[in-house]
Amino acid sequence: MFEFINDEDERGQVGIGTLIVFIAMVLVAAIAAGVLINTAGSLQSKSEATGDEASAQVSNRLDVVSAYGNVASNSVTSVELNVRQAAGADNINVSRSTIQWIGPNTATTLTHGSSPATDTFTTEAVKGGSDQVLTEQSDRIKILIEPQTAVGNDLTEGDEVQLTITTQYGSKTTYWANVPESLEGKQAVPL
């Protein structure tokens, strides 16, 4: 079954061959371990980046504190949303946000502008130092939308508009603005 090698010269050659095979296996294992360590490091950094982005999309959003509309000639001529940072949010630049307007007659995406124009909204500081960036949860910014200018028609009695605000981080806040059934004799109404 086993062959015994009695010649001392032959036994040394077998030992050297075994040593060479053993060293080759150790080298291959070391190279494989290096590749695995590099791959694990790369996957870890990618997963951390993905986790940070997902966290930002969830937490860096706006809360609508209040909403009202100014009334003229029995129609809502401006929509005003007071917003703040949601709990745990980083600084939010409202001017880099978009607002998806889905209204009774129009669906469009509004972007920030310095003055009312087609497909735009403007901002104004209510509380805090900036009219565009929310840095603390106590800061407030007013988002102003003039429906006639921005989307082509004012809101009338009973109209409903879905406003989806998307921040620069990709997080979304949806607010439903409902115009009361009667605007007679009113100058402003809650939405």
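Computed from the coordinates by the stated procedures, all read-outs in this text should not be read as laboratory data. This one's a predicted model, so the numbers in the text were calculated from it and none came from an experiment. Counting neighbours? That spans all protein chains shown, and the Cβs are built from the backbone with ideal geometry, glycine included.
What to note about this one:
- The numbered conditions (1) of a type in the set (A, V, I, L, M, F, W, C); (2) more than 17 Å from ALA67 (Cα to Cα); (3) under 23 Å from the mean Cα position of the chain (by Cα) are all true for VAL151 except (3).
- Residue in the range 71-82 that is more than 25 Å from GLU184 (Cβ to Cβ) and of a type outside the set (Phe, Trp, Tyr) present: yes
- Of the strands (runs of 3 or more DSSP E) contained entirely in the range 84-191, those carrying at least 1 residues that are surrounded by 16 or more Cβ atoms within 10 Å (Cβ to Cβ), in contact with a Pro (Cβ under 8 Å, 6 or more places away or on another chain) and hydrophobic (A, V, I, L, M, F, W, C) fall at 140-145, 160-166, 188-190.
- Matching residues in the range 36-52 - criterion: being of a type in the set (Asp, Glu) and either within 16 Å of TYR169 (Cα to Cα) or exposed (fewer than 10 other Cβ atoms within 10 Å of the Cβ) (or both): ASP52
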